[in-house]
Protein chains: 2
Amino acid sequence: MNRREFGAAVAGGLLSSPFAGSLGRLSGVFGLTAPRVDGARLNRHLTELSRFGANPQGGVTRLAYSDADKQAREYVLGLMRDAKLTPTIDAAGNIIASRPGRDAGRKPILFGSHIDSVPEGGNYDGNVGSMSAIEVAQTLAEQGITTRHPLQVVIWQNEEGGLYGSRAVSGQLTPEELQNVSRSGKTIAEGITFLGGDLQRLASARRAKGDIAGYLELHIEQGGTLERDHIDIGIVEGIVGIKQWEVTVTGFANHAGTTPMDQRHDALLAAARFVEAVNRIVTSVPGRQVGTVGRIQALPGAPNVIPGQVVCTLELRDLDAAKIDTLYAGITAEATRIGRQNGTTFAFRMLHENVPAPSDSRMRGLIAAAARDLSLTSRVMPSGAGHDAQAMATLAPMGMIFVPSVAGISHAPKEFSKPADIVNGANVLLLALLRFDESPRS
Amino acid sequence: MNRREFGAAVAGGLLSSPFAGSLGRLSGVFGLTAPRVDGARLNRHLTELSRFGANPQGGVTRLAYSDADKQAREYVLGLMRDAKLTPTIDAAGNIIASRPGRDAGRKPILFGSHIDSVPEGGNYDGNVGSMSAIEVAQTLAEQGITTRHPLQVVIWQNEEGGLYGSRAVSGQLTPEELQNVSRSGKTIAEGITFLGGDLQRLASARRAKGDIAGYLELHIEQGGTLERDHIDIGIVEGIVGIKQWEVTVTGFANHAGTTPMDQRHDALLAAARFVEAVNRIVTSVPGRQVGTVGRIQALPGAPNVIPGQVVCTLELRDLDAAKIDTLYAGITAEATRIGRQNGTTFAFRMLHENVPAPSDSRMRGLIAAAARDLSLTSRVMPSGAGHDAQAMATLAPMGMIFVPSVAGISHAPKEFSKPADIVNGANVLLLALLRFDESPRS
């Protein structure tokens, strides 16, 4: 029985159950054949990837559609070819790298992540899942394992800006959103073209429910609970819903020296009260909901001019969509009250919304079993961060794996996950993928 | 007695007193010789000047050292030559346009203003005084009047950024300040070179106390009191002191979805509390002091990242320097307290300081007499705005004339002063200049 037949043996019932079974036990049956990723190579690839858009102070600024993004994608394409994958760029600008399965009639299993970053972000968010997915494919190639299902390693474009690549595939991206301006300065439409997508054929990137057998994504936790509680693997229960708005506060610009304090319509003073109100309202009820004002600009923006306008953002997250709506209602009511205080007005424009996305219960079971195979501790937990996996959850069974983030730091240069934890995550991804591939209902 | 001798007749005592006298009465003595500016031409020049850096929504963005600034200066140089002035650019980048006097031994009288603007500023701030000064010179040329003193019409560079041109002349500009980055993106040093100044000879632009006979500046009020109380002319009693700081709030950037509310070091939340504290502290004591936060930026500046750093400005103004210092002490103490609340720190770096500058009492008397000559109402008042006149006040007797600003709006596209009010101001400038020229102690 060669390695190529390993998967077939599992599927053929040589083992009592691929769900309850342990690859520890499997390796007893197959000798030393239970596959493992090359952890050193995986971490070396992560280090190499971190060159693209490197910040002077560490981490990366690899905004979607930037030159750094494009260069990093070229690097990724090379790794994919080394891993015997066949990469293409779909019409939405995602990189899709295929590997044939044994059973041509089956739908593909997708797995992957993203490589774009926030401004001054870290080296792990997205990158760990992307490099691990390629490493899993290379491991399969080197060990001569062919799965039942075709496999597709996916690098989604512009995750950080709002899951644009994955939402194009799930059919959630609206034509209007193509005109949104991304942090790179390019519109989404311009960005897709820049990455090699094809706006004329955008619909061809869409997939329907049933087109995909399943989706798996490995990611860093981006919070501090796994590290704090010494848990190796997080099994994502669901991804929180997110709503983002652009908030425009309009007052009246005037000379800061000649306009008495009681005759000002200072948009920044109103915005400051708003920022504090968001914090107060979000923390006024129990739960894990969060609210953030992350961006702010005062116009015209001179030290000696009273700001006439302020543009800022508001973001609310929770696993419960209704709770987000209740918080938003409270915040807008308070904004109206604040505006009345100094003759300013507030306007809210929704930037985007991600509905809460539960993961697939079978996937959670497979991930838990894979962790057990590797003698790793695991915990079922929510994801406070949005992920491309939530778009895929609308099309297929979705499973998501977390590895610890040191000190819970993310979206910052100091973001860090230990090499050993990353290797654990990649091995869980590999084994969960093989288990899912062979599961009777997949 | 020709027009050329008009001034000499005043000085020679043909009239009882140039201070108490009225040019209305003078015109009785000299027929219709009492000079008046060409108001239509003055307002036409103002309209023409407003093309340079015009905003789509009205007003101008004519940042010092921008292309619009340079083009506007070229336009001004043409007007000066039309007015028979001899313009030069001093080593600090100021435009100095000379007109000989009768008495070669006398020091020059300077008068003028600036033409740079704040971002999205108006068409009147600085421009009214600049165009009026040239109009006064052209009126003198056309009427064949030669003053005792040489005259110099001055267009100061970069008033809005911090009186850079006039402070170079008064010796208040420090070498370190040359590296400050202006709103145009250029450093002050680069800007001076861009405008045709000469950094190697910067000291040659300096003037000592006694090098200048006197300084006069016409300006819009930039506040609403003259218009509200139906006063034609403001006689500036003094210019408030101004201190500006850059305030850096340092927290910790982190993922907005995975970082619980109680574990954040949100620099923008602290900055918001700071903005409100500035307003609260400045308004907590009686008086006309003002405090403004005009510029703010949160870093890294993405909707889904908790701001790790905020950079904003603080500006305080009052006629009493000690009051500014007391307010500042209260604000910094409160900032420390705010920082303690959520684990952030505040750092203050002074951007620049203008000490309060009283005007010359004789100048105030001459301006009042000139207003009376023209049957205009006037009022002695402070200037809440900073002006190049305050740098000149350290070198010579300084006088400053205000005309009404409609609704007190300034540093904004809706800034407006009525054409008739501007002509009144220019005529007061003309007559006050002639009175000062002939005054025995000038």
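Each reported figure results from applying straightforward, stated rules to the coordinates on display, with no laboratory input. Quick caveat: nothing in here was measured; it's all calculated off a predicted structure. Cβ: placed from backbone, ideal geometry, glycine included. Neighbour counts: every protein chain shown.
So how far, in whole Å, is the C-alpha centre of segment A:216-271 from the one of segment A:78-101? Centre-to-centre distance over Cα atoms comes out at 36 Å.
B:VAL236 sits among other residues whose Cβ lies under 11 Å from its own Cβ, and their net charge, with Lys and Arg +1 and Asp and Glu -1, is -2. Listed by chain and number, the lysines placed with their C-alpha closer than 21 angstrom to that of A:LYS323 are A:LYS243; residues fewer than eight positions away on the same chain are left out. The local environment of B:TRP245, defined by Cβ-Cβ distances under 10 Å, has a net charge of -1 under the rule Lys, Arg +1 and Asp, Glu -1.
The modelled label-to-label distance between B:GLN341 and B:ASP67, using points 7 Å beyond Cα along the C-beta direction, is 4.6 nm. Report the residue, chosen from B:GLN289, B:GLN200, B:GLN179, that carries the largest GNM mean-square fluctuation when chain B is represented by alpha-carbon nodes joined by springs under 10 Å. The residue with the greatest mean-square fluctuation here is B:GLN200. Sorted from shortest to longest, the distances between the B:ALA189 label points of this copy and the other copies are 4.6 nm, with each point 7 Å from Cα along the line through the beta carbon.
Each other copy places its own label point for B:ASP229 at 7.0 nm from this one, sorted shortest first, where the point lies 7 Å along the Cα-to-beta carbon line. Stokes-Einstein diffusion of segment B:290-421 at 37 °C, 0.692 mPa s viscosity, Kirkwood radius from Cα pairs, rounded to a whole number: 175 µm²/s.
Any idea what the dipole of chain B comes to, in debye rounded to 20, about its Cα centre with Lys/Arg Cβ at +1 and Asp/Glu Cβ at -1?
Working: 44 positive and 44 negative charges, 148 e Å.
The calculation lands at about 700 debye.
List the lysines whose Cα lies under 16 Å from the Cα of A:LYS70, skipping any in the same chain that are fewer than 8 positions away. Qualifying lysines at Cα under 16 Å: A:LYS186.
Report D for segment B:221-279 in µm² per second (integer): Stokes-Einstein, Kirkwood Rh on Cα pairs, 10 °C, 1.306 mPa s.
Here the translational diffusion coefficient equals 99 µm²/s.
Computed over the protein assembly as shown, the P(r) curve from all C-alpha pair distances, binned at 10 Å from the origin, holds 2, 12, 19, 17, 14, 11, 9, 7, 5, 2, 1, 0, 0 percent per bin. Counting only other chain Cβ atoms within 10 Å of each residue's Cβ, the peptide B:379-385 averages 2. For the residues of B:286-294, the average number of beta carbons from a partner chain within 10 Å of their own beta carbon is 6. Ignoring lysines fewer than eight residues from A:LYS107 along the same chain, the ones with Cα atoms less than 25 angstrom from its Cα are A:LYS84, A:LYS209.
Stick to the Cα atoms of segment B:241-354, pair each with every other, and give me the Kirkwood hydrodynamic radius in Å at one decimal. Let's see the in-between values first.
Numbers: mean 1/r = 0.0690 Å⁻¹.
Hydrodynamic radius (Kirkwood, Cα pairs) of segment B:241-354 is 14.5 Å.
Each of B:ASN342, B:ALA329, B:ALA277 was placed along the dipole of segment B:269-358 (beta-carbon charges, centred on the mean Cα), and the one lying farthest toward the positive end is B:ASN342. Each peptide among A:329-342, A:374-387, A:294-307 gets the average number of other Cβ atoms lying within 10 Å of its residues, and from highest to lowest they stand as A:294-307, A:374-387, A:329-342. Here is how far apart the B:VAL285 label points are across copies: 4.4 nm, shortest first, using a point 7 Å from Cα toward Cβ.
Beyond 43 Å, what share of the Cα-Cα pairs of chain A remains, rounded to the nearest whole percent? Present the calculation step by step, with values, prior to reporting the outcome.
Numbers: 16965 of 97461 pairs.
Tail of the P(r) past 43 Å holds 17 percent of the pairs.
Take every pair of alpha-carbon atoms less than 8 Å apart whose residues are at least six positions apart; their mean separation over the length of chain B yields a relative contact order of 23 percent. Per the rotation superposing chains B and A, the chain B residue found at the smallest beta carbon distance from the axis is B:ALA272, 2, distance in Å.
Shielding of A:264-276 by partners, i.e. mean partner chain Cβ atoms within 10 Å per residue? Kindly include the intermediate steps, with their values, before the conclusion.
On the way: counts 3, 0, 5, 0, 11, 7, 2, 4, 14, 5, 1, 11, 7.
Shielding by partners across A:264-276 averages 5.
Among B:ASP211, B:ASP198, B:ASP229, the largest mean-square fluctuation in a Gaussian network model of chain B, built with springs joining Cα atoms closer than 10 Å, belongs to B:ASP229. In debye, nearest 20, what is the charge dipole magnitude of segment A:241-354 about its Cα centre with +1 on Lys and Arg Cβ and -1 on Asp and Glu Cβ, if you could check? Result for segment A:241-354 is approximately 60 debye, rounded to the nearest 20. In this Cβ point-charge picture (+1 for Lys and Arg, -1 for Asp and Glu), the protein assembly as shown has a dipole of about 100 debye about its Cα centre.
Helical content alone sets the calculated 222 nm signal of chain B at -10500 deg cm²/dmol, taking -39,500 (n - 2.57) per DSSP H segment of four or more residues and averaging over every residue. Think of chain B as having a plus end and a minus end, set by charges on the Cβ of Lys, Arg, Asp and Glu; of B:PRO56, B:GLN289, B:THR88, B:THR88 sits farthest toward the positive end of this dipole.
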